[in-house]
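Peer 1: Handing you a structure now.
Every number in this text was worked out from the coordinates using simple rules, so none of it is lab data. What you see is a predicted model; the values in this text were computed from it and never measured. Backbone-built Cβ (ideal geometry, glycine too); neighbour counts: all protein chains shown.
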Amino acid sequence: MFLPKTRENDPIRLRHMLEWAQITQGLTKIESRYSLNRNRMLQLALVRTLQIIGEAANNVTTETRSRYRTVPWPDIIGMRHRLVHVYYAIDLDVIWKTATAHVPALVADLELILEADES
């Protein structure tokens, strides 16, 4: 099912972002940076979760993005584009730092946004 880029679908996209960000957090809690070097499945999983987060972010309307400026929209979308189009030069240090340092803040922001929208 295709979801058009509309304001009505923004909450769905935000929930997708939150879900996949939480999955990313779960992966980094059971693994280490060292294991990322050796575990191809972990590499693929983290790259894919970050791609999904970025794709969902890319489909949030400009109006909603403007409303929630605490979310680093250009960085998230830019990461997605880089992972998809420059797949041959993925830096695992950047992947790990994004997953462990930036995704937790994104989870917190998205939880607040979704709570506010539901009330």
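Peer 1: Given (1) surrounded by fewer than 14 Cβ atoms within 10 Å (Cβ to Cβ); (2) β-branched (Val, Ile, Thr); (3) farther than 22 Å from residue 118 by Cα, where does residue 24 come up short, assuming only one miss?
Peer 2: Failing condition for residue 24: (1).
Peer 1: From the set of residues in the range 58-78 that are of a type outside the set (S, T, N, Q) and in contact with a His (Cβ under 9 Å, 6 or more places away or on another chain), which is surrounded by the most Cβ atoms within 10 Å (Cβ to Cβ)?
Peer 2: 76
Peer 1: Looking only at the range 29-57, which residues are surrounded by 19 or more Cβ atoms within 10 Å (Cβ to Cβ) and either among the polar types (S, T, N, Q) or on the phi > 0 side of the Ramachandran plot (or both)?
Peer 2: Scanning the range 29-57 gives a single hit, 49.
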